[in-house]
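The values are calculated or read from the model by the stated rules, or taken from the named source; none is laboratory data. In this text the structure is predicted, and so the values were computed from the model without any measurement. So basically every Cβ, Gly included, is an ideal-geometry build from the backbone, and we count neighbours across all protein chains shown. The area values use the complete protein model at the heavy-atom level, side chains included, leaving out ligands, DNA and RNA. Shrake-Rupley method; radii C 1.70, N 1.55, O 1.52, S 1.80 Å.
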Amino acid sequence: MTKMRRTRTPSAGMESALLTSAAEILESEGPDALSVRRIAAAANVAPMGVYNHFDSKNGIVEALFIQGFERLREALAGIADVEDPYEALQEGGRRYRALALAHPMVYRLMFLQAVPGFEPSEQAIEVAVSAFGALVAGVQRAMAAGVVAEASPTETAQLLWSSHHGWVSLELMGIGFVEDQDAAFERLCTSLLAGLRP
């Protein structure tokens, strides 16, 4: 009987393969399914590949955490391309929710401590803070345009973020009392911004 040989993954692509496999396992089966052997098998590499590139399972979890916040930072930074600064903040809310719904378990990892015992490093926290910074920049732009009342941009961004986070967290947990979640979230964003008018 011929034994199946493991295909050797080039080093340059191994990290990406491991991270992709870990993300797929996390999203489809939850954090309890994450293990070095399971991730390595899914990526078709030897378990040592995990240790060589990420040191441990928590190293991969941290990489997923960072990737999630990099994705969020990119999405929020992109609202600068929306011509109307007021509409840009509305779009920021939509993008926040869209990312959470597209990657629900990564969102739980980022915000809801989905992996017991995982504590992000200072580097990972810096990436998370930079995502919030992208929202602060959008608020500053809206204030400069006179469409949002002058106040602390950081505090105003925190108001928006916490409201979006609250809605999305409840939605991911299946807690909701409206039939049309899309329309209700849109109303939430509209009401928030209306309250921030000068």
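A few comments on the model shown:
- Ala102 being modelled with pLDDT of 95 or more and either under 30 Å from Asn58 (Cα atoms) or open to solvent by less than 50 Å² (accessible area, probe 1.4 Å) (or both): yes
Okay, residues lined up against (1) more than 30 Å from Arg94 (Cβ to Cβ); (2) over 23 Å from the mean Cα position of the chain (by Cα); (3) among the aromatic types (Phe, Trp, Tyr):
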site: Ser35; (1), (2), (3): yes, no, no
site: Ala41; (1), (2), (3): yes, yes, no
site: Val45; (1), (2), (3): yes, yes, no
site: Met48; (1), (2), (3): yes, yes, no
site: Asn58; (1), (2), (3): yes, no, no
site: Glu70; (1), (2), (3): no, no, no
site: Arg73; (1), (2), (3): no, no, no
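- Cβ-Cβ contacts under 6 Å between residues 6 or more apart (or on different chains), taken from a first residue in the stretch 134-159 that is open to solvent by less than 50 Å² (accessible area, probe 1.4 Å) to a second residue that is in a helix (DSSP H, G or I) and of a type in the set (Lys, Arg), are listed as Ala134/Arg73.
- Of all residues in the stretch 39-79, those satisfying the criterion of being hydrophobic (A, V, I, L, M, F, W, C) and either without any contact (Cβ under 8 Å) to a residue 24 or more places away in the chain or farther than 19 Å from Val106 by Cβ (or both) are Ile39, Ala40, Ala41, Ala42, Val45, Ala46, Met48, Ile79.
- Filter pass, Arg197 being under 20 Å from Gln67 (Cβ atoms) and either surrounded by 12 or more Cβ atoms within 10 Å (Cβ to Cβ) or of a type in the set (Lys, Arg) (or both): no
- Enumeration of residues in the stretch 144-198 that are within 20 Å of Arg95 (Cβ to Cβ), within 21 Å of the chain's Cα centre (by Cα) and of a type in the set (Gly, Ala, Ser): Ala157, Ser162, Ser163, Gly166, Ser169
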